[in-house]
Amino acid sequence: VLQIVKESQQQHGLRHGDFQRYRGYCSRRLRRLRKTLNFKMGNRHKFTGKKVTEEILSDNRYLLLILMDAERAWSYAMQLKQEANTEPRKRFHLLSRLRKAVKHAEELERLCESNRVDAKTKLEAQAYMAYLTGMLRFEHQEWKAAMEAFNKCKTIYEKLANAFTEEQAVLYNQRVEEISPNIRYCAYNIGDQSAINELMQMRLRSGGTEGLLAEKLEALITQTRAKQAATMSEVEWRGRTVPVKIDKVRIFLLGLADNEAAIVQAENEETKERLFESLLSECRDAIQAVREDLKPDQKQREHSLEMDSGKVSNIQYLHSYLTYIKLSTAIKRNESMAKSLQKALLQQQRSEEDGKRTPRPQDLIRLYDIILQNLVELTQLPGLEEDKNFQKEIGLKTLVYKAYRCFFIAQSYVLVKKWSEALVLYERVLKYAGQVQSEAGAYKNSLKDLPDVQDLITQVNAEKYSLQAAAILDANDTHETESPSQVKDGKPLSERFETFCLDPSLVSKQVSLVHFPPGFQPIPCKPLFFDLALNHVAFPPLEDKVEQKAKSGLTGYIKGIFGFKS
């Protein structure tokens, strides 16, 4: 049952969340099955209802009829669930279709109790029935009944997964993972307060929420944080305590630690990237909420009151704190992307792959440019201009990222064999790294999360030696290419057959064999003919012929008509 359902869903729309397309597929398949089995519900004039009974279970396609009926009702319910966000009245229709799906699932379970059905199908029919029942109770917010149904479904699928091979157990384990968040959500609503932590961890590990639980889980997390935020009245940053009166900002600050912990524990780069984007989106929303309160007239009023003390207002300082979080998170995200690109560059050097776009040092240069731009924005935050320790920390971080940026610029010059420029940039890297090491005495704690400059110094020294060796070899190759036997004079091959010359262009696509089109060459003109004898030729007289022509007139014309000839 589960395999048929999953394959049909993946091939007909549910891979992209298109429930309407899947519902149409179920309707068409039902029509084909009824036509094949000759199990029609009357004709076009009259409806005659028929039910599948145990007596006619001679073909397993009769069970497929009931399954497709249940799937069609379920997919219509899920389609209505998507539309109910904007049209709440459709929720009643949604519940009706779910009840219809449960009814068909009950009929399927009853038919599978027949002796003609094997044990595996019986268990899967019971699990399918429990799954749809749990979803119906979940929508009715009957948490205890929903939890019992989901637990029954989970137990059956776990036992089936243990009874078969690993390949067959994958489907069952996937279904168990799908319903686990629903079970925890029901437990939380029944009264298990520890379930909320597990739900949040599930959400953060997946980088977001999907499926039936998505909206409710987001609302639950927001509601839980809102309750905690009611007790949060202020925040302390860099020795200054600022009151927090905006609820959205309180909720964001409470979830900041959880989000950062989830990023650290992310299993792969794709999940980490989604979590970074989610955190930045929440931060931008919080900053926008602060900006709405930071009106120009209010800002000027508070600035005039606090001008004597030289401090910015509390709301402005809170805005600076949130901007600091946003820029710091952007720096961490770009640094994470830079590390993954560096690994890709190392793998590319070890084994090159064809057909794929390989990373280049220029990609890393762009990332470090963005990081340096973010650091410049950090130094310009209102309220931190006079904080010398903060400015010093940002200055040291800037030197570290400048060193890495110079290193990858040098790498890009090495690729195009610009040895002198690359060597100068390597020296600049060593200068930045030495400056960081000499000034980082009291700021080692703030620099511990940054890339290690000592590793960079070791790598630069190794690259310098290999660069010098490559430059010497390249210089020898240049002298060889300038030898007389390799100098070209621009003549095509057809004009220098008797001279030996190494010409690499002969094996390229722009080979010079002959001059084309060929040049113009002088040729003799066509001779002129002069008839000199024409003036000395005497032509025969023609007077007799001219006289005969003059005599011919009306008489000759009449004679010619009557056939008389002269």
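The values are calculated or read from the model by the stated rules, or taken from the named source; none is laboratory data. Just so it is clear, the structure is predicted and the values come from calculations on it, not from any experiment. In this analysis, Cβ positions are derived from the backbone assuming ideal geometry, glycine residues included, and neighbour counts consider all displayed protein chains. All accessible areas refer to the heavy atoms of the entire protein, side chains included, with ligands and DNA or RNA removed. Shrake-Rupley method; radii C 1.70, N 1.55, O 1.52, S 1.80 Å.
Tabulated data
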{"read-out": "Restricting segment 454-477 to residues that are closer than 18 Å to TYR413 by Cα and hydroxyl-bearing (Ser, Thr, Tyr), the residue that is most open to solvent (accessible area, probe 1.4 Å)", "value": "TYR465"}
{"read-out": "Restricting segment 234-284 to residues that are part of a strand (DSSP E or B) and charged (D, E, K, R), the residue that is most open to solvent (accessible area, probe 1.4 Å)", "value": "GLU236"}
{"read-out": "Selection within segment 318-341 - open to solvent by 30 Å² or more (accessible area, probe 1.4 Å) and under 20 Å from the mean Cα position of the chain (by Cα)", "value": "LYS332, ARG333, MET337, LYS339, SER340, LEU341"}
{"read-out": "Residue in segment 35-52 that is under 27 Å from ILE156 (Cα atoms) and at pLDDT below 90 present", "value": "yes"}
{"read-out": "Flag for ARG34 being of a type outside the set (A, V, I, L, M, F, W, C) and either part of a loop (DSSP other than H, G, I, E, B) or open to solvent by 90 Å² or more (accessible area, probe 1.4 Å) (or both)", "value": "no"}
{"read-out": "Pick from segment 49-72, criterion basic (Lys, Arg) and outside any helix (DSSP H, G or I), ranking: surrounded by the fewest Cβ atoms within 10 Å (Cβ to Cβ)", "value": "LYS51"}
{"read-out": "Residues within segment 111-127 that are open to solvent by less than 20 Å² (accessible area, probe 1.4 Å) and hydroxyl-bearing (Ser, Thr, Tyr), tallied", "value": "1"}
{"read-out": "Within segment 371-451, helices (runs of 4 or more DSSP H) holding 1 or more residues that are within 30 Å of ALA475 (Cα to Cα) and over 35 Å from the mean Cα position of the chain (by Cα)", "value": "419-439"}
{"read-out": "Among the candidates GLU124, GLU148, GLU177, GLU106, residue that is touching a residue at least 40 places away in the same chain (Cβ under 8 Å) and assigned to a helix (DSSP H, G or I)", "value": "GLU124"}
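So that you can scan it fast, the table gives a plain yes or no per residue for (1) modelled with pLDDT of 70 or more; (2) open to solvent by less than 80 Å² (accessible area, probe 1.4 Å):
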| residue | (1), (2) |
| --- | --- |
| GLU480 | no, no |
| PRO484 | no, no |
| ASP489 | no, no |
| GLU495 | yes, no |
| PHE500 | yes, no |
| SER505 | yes, yes |
| LEU513 | yes, no |
| PRO518 | yes, no |
